[in-house]
Amino acid sequence: MLDKMDKREVRVRFAPSPTGELHIGGTRTALFNWLFARHRKGKFILRIEDTDVLRSKDDLSQSVIESLKWLGLDWDEGPEAGGDYGPYFQSQRLQIYKEYAHKLLKEGRAYLCYCTQEELEERKREKQKEGKPPKYDGRCRNLSEEKRRHFEEEGRRAVIRFKVPQEGITYVEDLLRGRVSFENKLIGDFVILKSDGTPTYNFANVIDDTLMKITHVIRGDDHLSNTPRQILIYQALSLQTPQFAHLSMILGKDGAKLSKRHGATSVSYYRKKGYLPWAIVNYLTLLGWSTSDSQQLFSKEELIEKFGLERVGRNPAVFDIKKLEWMNGEYIRRMEPEEVASLLIPYLKEKGLIKEKAMPEERERIEKIASIEQERLKVLSEITDLADFFFKKDFVYEAEAVEKRLNKEYAPSLLKEMKKEIEELTSFTEEELEDLLRSLAKKFSLSPGEVFHPLRIALTGRMRGPGLFELATVLGKEEVLRRIDRTLAMLKK
RNA sequence: GCCCCCAUCGUCUAGUGGUUAGGACACCGCUCUUUCAAGGCGGCAGCGGGAGUUCAAUUCUCCCUGGGGGCACCA
């Protein structure tokens with residue numbers, strides 16, 4: 001039987017509900033599905049679970065779709081991709097769910113329930129007070145025709161509940177956790193079709209996974225205890241169950257399931273901050289999956305080749321932004337400067353450091369800046385703090401820098417001499433500038449550092465930064481002279 | 001309350017019935033260097049507790065503890 005499963009084309013899905021932006025946790029689920037599909041040369045399907053009319057938003061569907069695309073997790077069937085098993089929005093499949101629900105109704109595997117939400121709420125509270133499990137008591141299971149008519153006349157709208165067998169055990173065969181058993185009697189009759197005609201998660205999932213021929217359901221651990229309910233539906237409908245694999249959760253620093261209260265959890269936030277899509281993908285893969293060696297960085301091809309459920313761990317993982325940052329920096333450093341420059345431009349524009357329309361020669365300059373700053377960047381957005389002095393002629397001098405490196409007896413005369421000699425330079429290259437400064441140090445009987453530092457402050461206003469000669473040549477001779485003048489003027493005050 | 005899952009450095013993890021318990025991030029030194037960053041070298045740090053099985057348990061079993069998840073007309 002397993003062999004038969006293996007020969008079938010693998011079809012997996014990611015089924016987000018558009019009640020928020022794409023979340024880090026959801027992303028990891030999507031990613032493992034995607035990797036599994038790509039590794040097995042199967043299909044990755046995107047299905048939007050927007051049956052909760054109140055909470056689902058169209059623009060959030062769009063935002064989730066955008067984020068997935070940006071991450072490079074492409075799908076073979078779903079919104080924008082089409083496919084033979086659509087529609088891929090659950091809100092467009094309501095008729096299908098209704099039919100299956102009524103089939104169960106007709107076969108006596110489900111029944112109409114007229115309890116109102118208030119009544120249910122009330123009874124649940126009582127149960128909990130008595131220390132009993134808060135499951136549905138099944139009171140509408142055997143409603144008399146008379147009672148039913150009475151409720152209808154009252155104007156009550158019924159839901160359809162699934163009749164859960166009150167004996168026996170349901171086993172979940174999980175690829176990651178082995179056989180997990182659940183006692184049926186602990187599961188209450190649950191709603192499969194709400195009074196507004198929309199299906200509940202457990203029901204819609206089973207129907208869609210069946211109709212979309214899903215072979216492997218890879219999802220979060222939080223669904224493990226839902227799985228017996230779903231299996232019961234599969235059985236009632238005589239459908240074949242897919243293989244299940246329940247991934248453990250991603251946790252915040254405090255060990256609780258990662259959520260908004262841990263700060264930024266949406267992919268779009270990390271995108272704005274300047275994390276590279278592949279860094280996020282690579283990092284998230286390592287949250288729960290590993291190789292037997294200690295490799296950390298993987299190319300897309302490598303990951304697809306190596307990924308497998310066999311090496312997915314069972315323990316929950318804490319999301320560690322520090323490691324993501326490191327990895328992001330690692331990938332930024334591996335990029336070509338031209339590419340880095342392109343990614344940096346939006347941030348520079350946003351801060352008004354460059355004009356909306358970047359001139360070609362400006363573009364060239366930004367590439368140089370990118371090449372000398374890229375090893376310092378952990379996230380792209382840092383560029384505006386790191387390199388603003390390249391663009392601002394009126395930058396502020398750091399108090400500490402002035403105090404420690406500029407408030408020296410020799411500083412004004414040194415800078416004046418420096419200016420004079422730079423003016424005489426016929427070509428302004430890194431080598432020439434360095435030679436000039438080193439011989440200047442000798443002339444003034446100073447250490448090279450004592451000459452370099454004041455110039456660094458004069459040119460950037462700060463103590464730390466890229467190589468002095470590199471940054472000076474990017475600024476250009478004229479601007480360097482101007483900045484020395486400005487510093488001299490400042491020192492006079 | 002009930003059910004389910006999980007448990008190796010601070011974090012992500014590798015690993016085995018007998019290992020100096022390995023790597024990565026973070027952190028701390030040293031080094032390179034005009035500063036920062038990057039790099040190189042080195043360091044700190046871990047098998048939650050208790051029984052049992054065994055010549056031997058981090059590894060197998062049970063219990064406890066701890067953490068997480070679920071028990072909706074949310075997904």
Q) Which of the helices (runs of 4 or more DSSP H) contained wholly in the stretch A:401-463 include at least 3 residues that are among the β-branched types (Val, Ile, Thr)? A) A:448-460
Q: Could you tell me whether any residue of the stretch A:257-268 is within 7 Å of RNA strand B (Cβ to nearest atom), more than 18 Å from A:LEU35 (Cα to Cα) and either modelled with pLDDT under 95 or among the aliphatic types (A, V, I, L, M) (or both)?
A: yes
Q.
Given the criterion away from RNA strand B (no atom under 12 Å from the Cβ) and polar (S, T, N, Q), identify the matching residue among A:SER91, A:SER17, A:SER56, A:SER63.
A. A:SER63
Q.
Return the pair list, or none, for Cβ contacts closer than 6 Å from residues in the stretch A:131-143 that are of a type in the set (Gly, Ala, Ser) and surrounded by 13 or more Cβ atoms within 10 Å (Cβ to Cβ) to residues that are at pLDDT 85 or above and part of a loop (DSSP other than H, G, I, E, B), at least 6 apart or on different chains.
A. A:GLY138/A:ASP189
Q) Is it the case that A:ILE45 is within 15 Å of RNA strand B (Cβ to nearest atom), at pLDDT 95 or above, of a type in the set (A, V, I, L, M, F, W, C) and more than 28 Å from A:GLY274 (Cβ to Cβ)? A) yes
(Q) Can you find a residue that is at negative phi, among the basic types (Lys, Arg) and away from RNA strand B (no atom under 13 Å from the Cβ) anywhere in the stretch A:446-457? (A) no
Q | Whichever residue in the stretch A:297-317 is surrounded by 14 or more Cβ atoms within 10 Å (Cβ to Cβ) and within 6 Å of RNA strand B (Cβ to nearest atom) and, among such residues, is nearest to A:ASP222 (Cα to Cα) | A | A:PRO316
Q: Determine which single condition A:ILE321 fails, assuming it passes every other condition in (1) among the hydrophobic types (A, V, I, L, M, F, W, C); (2) within 14 Å of RNA strand B (Cβ to nearest atom); (3) within 27 Å of A:VAL480 (Cβ to Cβ).
A: (3)
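Yes or no, residue by residue, for (1) of a type in the set (Phe, Trp, Tyr); (2) under 16 Å from the mean Cα position of the chain (by Cα); (3) under 27 Å from A:LEU380 (Cβ atoms); (4) more than 12 Å from RNA strand B (Cβ to nearest atom):
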| position | (1), (2), (3), (4) |
| --- | --- |
| A:MET212 | no, no, no, yes |
| A:GLY220 | no, yes, no, no |
| A:GLN235 | no, no, no, yes |
| A:TRP278 | yes, yes, yes, yes |
| A:TRP289 | yes, no, yes, no |
Q: Identify the residue in the stretch A:426-445 that is among the small types (Gly, Ala, Ser) and out of contact with any helix residue (DSSP H, G or I) (no Cβ under 7 Å at 6 or more places or on another chain) and, among all such residues, is nearest to RNA strand B (Cβ to nearest atom).
A: A:SER439
Q. Among the aliphatic types (A, V, I, L, M), surrounded by 17 or more Cβ atoms within 10 Å (Cβ to Cβ), at pLDDT below 95 and more than 14 Å from RNA strand B (Cβ to nearest atom): does that describe A:LEU406?
A. no
**Q.** Matching entry among A:ASP208, A:ASP293 (being of a type in the set (D, E, K, R), modelled with pLDDT under 95 and over 30 Å from A:THR384 (Cα atoms))
**A.** A:ASP293
Q: Quickly run through the stretch A:195-210 and pick out the residues that are part of a helix (DSSP H, G or I) and within 13 Å of RNA strand B (Cβ to nearest atom).
A: A:TYR201, A:ASN202, A:PHE203, A:ALA204, A:ASN205, A:VAL206, A:ILE207, A:ASP208, A:ASP209
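The values are calculated or read from the model by the stated rules, or taken from the named source; none is laboratory data. Keep in mind that what you see is a predicted model, and the values were worked out from it rather than measured. Every residue, glycine as well, gets a Cβ built from its backbone with ideal geometry; the counts of neighbours run over all protein chains shown.
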